[in-house]
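First up is the structure itself, then whatever we jot down about it.
Nothing in this text is a laboratory measurement; each read-out follows from the coordinates by a stated rule. Not measured: the values here are computed from a predicted model. Glycine also receives a Cβ, built like all others from the backbone with ideal geometry; neighbour counts cover every protein chain displayed.
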Amino acid sequence: MPVPMPMERKQASYSNLDERYGIQGEKYQGQQYSHIYFTRLHHMRNLLHALVPSWKPQLPVTTVLGLEEGKDCIIVGTLYKHMKLKPSILDEYSKERSAIPLVKPHNFMHPDDHLVLEDESGRVTLAGAIPPAAFVTGVVVALHGKETSAGNFLVEDVLEAGLPPQTALSCADEDKYVVFVSGLSVGSGTFNPLQFQLLIDHITGHLGDENEQTIASNIVRVVVAGNSVHIAPRFVNGQTVASKDQSRIAEPIKELDIMLTQLVASLPVDIMPGCQDPANFSLPQQPLHRCLFSGASTYNTFSSCSNPHQFELDSVQFLGTSGQNIDDLYKYSDAKDKLEFMERTLRWRHLAPTAPNSLGCYPYTDKDPFLIESCPHAYFVGNQDKYETRLLEGPEKQKVRLICIPRFSESGIAVMLNLRNLECSTLSFSTSFDA
Amino acid sequence: MSSGGRGGKRRAPPPPAPSGAAAKRAHPNPGTPQPPPPAAAAAPGAEEEDMMDEDVFLDESILAEDEAALLMIQRDEALASRLARWKRPALPADLATGCSRTVAFQQLEIDYVIGESHKELLPNSSGPAAILRIFGVTREGHSICCQVHGFEPYFYIGCPSGMGPDDISRFHQTLEGRMKESNRSSNVPRFVKRVELVQKQTIMHYQTQQSQPFLKIVVALPTMVASCRGILERGITIEGLGSKSFLTYESNILFALRFMIDCNIVGGNWIGVPAGKYRKAARVMSYCQLELDCLYSDLVSHAAEGEYSKMAPFRILSFDIECAGRKGHFPEPTHDPVIQIANLVTHQGEGQPFVRNVMTLKSCSPIVGVDVMSFDTERDILLAWRDLIREVDPDIIIGYNICKFDLPYLIERAEVLKITEFPLLGRIRNGRVRVRDTTFSSRQYGVRESKDVTIEGRVQFDLLQAMQRDYKLSSYSLNSVSAHFLGEQKEDVHHSIISDLQNGNSETRRRLAVYCLKDAYLPQRLLDKLMYIYNYVEMARVTGVPISFLLSRGQSIKVLSQLLRKAKQKNLVIPNIKGQGSGQDTFEGATVLEARAGFYEKPIATLDFASLYPSIMMAYNLCYCTLVPPEDARKLNLPPESLNKTPSGEIFVKPELQKGILPEILEELLAARKRAKADLKEAKDPLERAVLDGRQLALKISANSVYGFTGATVGQLPCLEISSSVTSYGRQMIEHTKKLVEDKFTTVGGYEHNAEVIYGDTDSVMVQFGASTIEDAMKLGREAADYISGTFTKPIKLEFEKVYFPYLLISKKRYAGLYWTNPEKFDKMDAKGIETVRRDNCLLVKNLVTECLHKILVDRDIPGAVQYVKNTISDLLMNRVDLSLLVITKGLTKTGEDYAVKAAHVELAERMRKRDPATAPTVGDRVPYVIIKAAKGAKAYEKSEDPIYVLDNNIPIDPQYYLENQISKPLLRIFEPILKNASKELLHGSHTRSVSISTPSNSGIMKFAKKQLTCLGCKAVISGASQTLCSHCKGREAELYCKTVANVSDLEVLFGRLWTQCQECQGSLHQDVLCTSRDCPIFYRRRKAQKDMAEARLQLDRWDF
């Protein structure tokens, strides 16, 4: 029996670009959310103004205040969507409790919803060729239309900023893979330790035949995109915890740490926080603290990243989140699939337009870190219901691989992306016999 | 603009909620020896009203036409053309020049003025006379002033027997002489114009003969009615008859109302002036587009039917002003300038205003959809506003607290600035606006001090007054009113910021203008939402009084107006017997059956008397004119079968002998209500529906106020015989119902259970039939109602309306239950008398009570409710309750020295003034406070503190105070019928053992304390500054970090939701939130979230070792 040749794992050059999402230097000093909108509008308006001459050169650009009834023009501003069903914190104080509990819809859309465009000078209600279902609060667009006698703005055409410019991909000749996994939910009822162990064994090359091991050796990095652990809410709601339960809080984290340690021993791993992880809530979520991973953090292959997470691997640009930005769009707007939401965020050049309106976000005063300045080659979101992917091509030959990563604890699916050609495939693990 | 609590313009405090609830009837305890009369027990109509005419003489020094024009020309021409865009549509040519077209208009306001008799219309008269002015709007939106001539003031006295025509003329001369003596300053040629002998009958008491001679005394001017009445009441010597004092009849009726009654005009109806019957005014006195002169006998009053039930397109101006106050002072017109005035003008019936503008002092950046007019001086603003009023010519002026604040402020400010031409806001050319202090006192509404600003020809409608009259709310600030009715919070800008914004640049002033506009828009939206125009016009039509009376006067004028109209038809006259108001004449009030307190888990059927008191008056023919006083009863020798003796011992004749006019009025009101309700079912058009719904509501209220009118001892025509009879019948009926139910619905009578009356109140009886399903209870309820109704005189009727199940009866007038009208689904949770809205309770109490009732009644989960109470109490003791839930608010009505007893909020206001006079509350503000932990033995009033100060300094609150003084009573009330040992179980259980108190950061001792870092796990002091955990806790890092970060995460969620909500209310994403509305439930939370967030981040940062 021939002794198999020792296989060497491939390497890829990695640079972490998360700096823009750090909030170490920032402080809560009474600042409000108006600054972030202001910065966003300022930045986007410059972009849109530059595009207007090639879009509708004959039309004048004005402000909401400068509108004249019946006169065709272009205005640029931030959209605001009036939503009847949007939950409000004031509802907690409503006078009467309704006798029938409200049915919680997955989505807060209502036929009466309407859009408003706002700039520094004022607001105007929009009508016409701009479907409220496709837009959300916080998006900056340019609109062509005219003011009606009722004081509304009748939209004829909408200009979005479009996909940002992209750096060219250098041609690679060998297969290198990145594995994405999200929603491990260690500690939850749906988590299956065996399934995750299979994934680890596969990636580390302890499973399968030589062929499979060869593929495994081409995996250069693993990205864990959020919701890795599940901590029972009763332990962390501020109430006193009985001493016998104290240690149970950290149990899932310890379990995760043991598993991650196996991974980081053989290849680099990026771990991003998600909405259920022990991290802050507002975007950008800061990296999970190293003290949580006493084992894995001793390896230099372990990197705890922010959410959103941005990095470069062998000149391929990656951008991704643990899913909150897309989930929020799903609550407040409509699209045929999650990939379309992703595509929209790229065209709006904004990763999370609903922040801060309906998505928690740090009150920045001088920047909006979620603006997308350059187009990534791969754009992923974690914790989705199912695996979906598409290659998006932009007008300037931009190519973006869009990936929805399903929750692993429910689907048993991890996603593998080939750096050479941006092809995508799944790794599926099942521990039941009939599958 | 809300009142109090804020404002660069702030208002005098809204008076406390009417103390006697707007209860319909009297409810003294059964068997109480001396129950209060209905007047004291909040009967409507029981108010003192000064009904005095005030003659206004036409100012002969009318500004010359060109002089008035000059006023305009001096002013900016650009402004003039700007304002001119909003003029009314031009008159059609034939109206503008000729008199050949019949003019019809809806009148809104009627007043009178003293001027020369019209030479053409009244060729035989001379000298000064009262000219009535009717202001109105045509269907096309033209404004009209119709001057009515020839109507003379008069009243009646009984004619002394044996007076012949000669005696009358002698009497006339004597009276004329006496009048001359007492009105020396007057230069009227003749005071008493005529004395006529007429055949009338008094309304008081049943009389056998049809009529008696009366003298109708016609005087020259309306004010002379009062002086002539005085002479006659005091006594006058008539030749041949000796000295005699007279009882006068109908001598206390306002002249305008007298005119309306005699011409059959009701408030807000349409009036026609036939072609050829009017003249165009020779000298134009008003700014109305059309000014006519006509005789009162030529007016055609249209009943509100068909075309004439519609509304004319009135112009409604809603406005709001902002003043730049000095720090720490209530804005005073003597010091503080008016800096902005926002105006919105809407056509009645249209959804959107057609004029939106704001006038600002100094430049202001443009605002979308709004005309921004900037001026350099205050004088220019005020004059521009005056010009706006004149050009737009509004029929109705609305706003929030305009009568007490905005209008007087503008006028007094103009006086201070010596702008004499400012107060020409009325429709009469030289008519200056007059400001008077008035006191309006009413049993129902309490005493109100207000300013009476007379703007001739324009109706003022102050939404604050309307709210205070019509709704019982915990707060009347514009913020809480709009939160209540429109479901949105209003942004509130603190007055210290208002001056800063004004002193900033044009952008900051724009910010202020946007805010001011919003405050001007909210009253209009409230007006629309609450259908005020429809409801008030209908009320005016039903009761026959001018619209302006509805807000400025009490209930009794409405009943009196109907009574006078009816009496006139019947040839009856009403004596002027003012009630003495001694309160001595008392009678027993309504019955309340003893409440059998408990928690009923079987359906309780409720049997209600429909319009009980009106029905009793109709059924037993109770009226002034059917009452037979005991002395008459013997004299008149009436057959006993045509008399009714009421349970209180009064005698009234039956309708066969004499039909009462009160029953007749009531019958008409109720029949009209039935018609209106039937029409409402048919009606499709929303505007028509609004009119009809307003009408049926007005009719119902009117019917119910008749009883109160008769019982108002200080009212216009009290008759306690009637009111005590009504309540005595009412008591009898409740007892009768109880007896019948308990006699008939028994197991002996073939029913499954014995019925039991568990509670009865004024007009309803709660019965437990014993049936266990709602359906059965409803069936039995209906059967009982039908059976018992059969035993009553018509139209008294017992109706089955609803079932309570389950039902928590605490004591009389305090109960809660689920309300069912159909067996499938309950309609609502109904709670009476359980303090969920009282404003001296903090929100915690309200939430706790509401939640407990919900758990008990809807979820039927008593253990759950108990657990909830325990958790809340534990949270309170552990300092985990949101501070905004603990805030108590009280209005500061006067300064500290004026309060006899030291009160918590007053003391706090004093203390805050010492800290920072700029932000301290001043008189008129509402003072929010929390009760803090203080030294042992500290007085309650020393323990109050500003919530913001508490937040900033970590001051511990006093949970015991909240436990004992706020939540314990309401809780025990609810739980005592349900739980044994409720007090012990709820208030003293193990959940009350752990207490946590925060350490104040400002107390004296803390200045000497040295801060030391403690271990985040066990609070042990650690030495190294860079460490987070002590050596003992080292192994628990992951766990402890999770907790810290979870805290941060929770706060971030809250922070985001709170601040984005405020952006939403403010209606802008790109501007900072300025709102400091302390009425807003999230104000303190927002502030706290900001502070907590900063602290929590610091904690988290300690982990970055």
query = In the structure displayed, which of B:Lys277/B:Lys568; B:Lys914/B:Lys943; B:Lys568/B:Lys677; B:Lys529/B:Lys813 lie more than 19 Å apart, Cα to Cα?
reply = B:Lys277/B:Lys568; B:Lys568/B:Lys677; B:Lys529/B:Lys813
message = Can you give the local net charge around A:Cys73? Use residues other than it whose beta-carbon is closer than 9 angstrom to its beta-carbon, Lys and Arg +1, Asp and Glu -1.
response = -1
inquiry  = Distance between the C-alpha centers of segment B:460-530 and segment B:644-697? Whole Å please.
reply    = 39
note = If B:Leu417, B:Leu132 are placed from fewest to most neighbouring beta carbons inside 10 Å, the sequence is B:Leu417, B:Leu132
query = Between segment A:240-313 and segment B:703-740, how many Å separate their Cα centres?
reply = 78
task = Please give the average number of partner chain Cβ atoms lying within 10 Å of the Cβ of each residue in A:282-293, rounded to a whole number.
result = 4
note = Connecting every pair of Cα atoms under 10 Å apart in chain A and solving the GNM, the largest mean-square fluctuation among A:Cys404, A:Cys361, A:Cys171 falls on A:Cys171
query = Averaged over peptide A:25-34, how many Cβ atoms belonging to another chain are found within 10 Å of each residue's Cβ?
reply = 6
remark   = Violations at 21 Å Cα threshold for listed pairs B:Lys654/B:Lys674; B:Lys451/B:Lys490; B:Lys200/B:Lys570 -> B:Lys654/B:Lys674; B:Lys451/B:Lys490
query = When the Kirkwood radius is taken over all Cα pairs of the protein assembly as shown, what Stokes-Einstein diffusion coefficient follows at 4 °C and 1.567 mPa s, in µm²/s?
reply = 34
remark   = Set B:Lys87/B:Lys684; A:Lys386/B:Lys855; B:Lys802/B:Lys984; B:Lys558/B:Lys779; A:Lys86/B:Lys890; B:Lys681/B:Lys779, cut-off 31 Å on Cα-Cα distance; pairs above it are B:Lys87/B:Lys684; A:Lys386/B:Lys855; B:Lys802/B:Lys984; B:Lys558/B:Lys779; A:Lys86/B:Lys890
remark   = In a Gaussian network model of chain A with springs linking alpha carbons closer than 10 Å, the residue among A:Gly128, A:Gly183, A:Gly77 that fluctuates most is A:Gly128
ask   = Residues of A:269-280, mean number of Cβ from any other protein chain within 10 Å of their own Cβ, rounded to a whole number?
value = 2
inquiry  = Can you give the log10 of the normalised intensity I(q)/I(0) at q = 0.09, 0.12 Å⁻¹, computed with Debye over equal Cα scatterers of chain A?
reply    = -0.64, -1.06
Set of lysines near B:Lys180 by C-alpha distance (under 25 Å), chain-local residues within fewer than 8 positions excluded = B:Lys193, B:Lys216, B:Lys244
request  = Give, to the nearest whole percent, the P(r) tail of segment A:235-364 beyond 22 angstrom, counting all Cα pairs.
outcome  = 50
note = Ordered by fewest other Cβ atoms within 10 Å, a rough proxy for footprinting exposure, A:Asp368, B:Asp470 read B:Asp470, A:Asp368
note = Listed by chain and number, the aspartates and glutamates with an alpha carbon less than 20 angstrom from that of B:Lys939, same-chain partners under 8 positions apart left out, are B:Asp840, B:Glu897, B:Asp898, B:Glu907, B:Glu910, B:Asp958, B:Glu964
request  = For chain A, with a Gaussian network of springs between Cα atoms less than 10 Å apart, report the residue from A:Val155, A:Val140, A:Val264 with the top mean-square fluctuation.
outcome  = A:Val155
remark   = Proxy exposure order for A:Met7, B:Met467 (fewest C-beta within 10 Å first) is A:Met7, B:Met467
message = Can you tell me which aspartates and glutamates have their Cα less than 15 Å from the Cα of B:Lys645? Leave out same-chain residues fewer than eight positions away.
response = B:Glu631, B:Asp632, B:Glu721
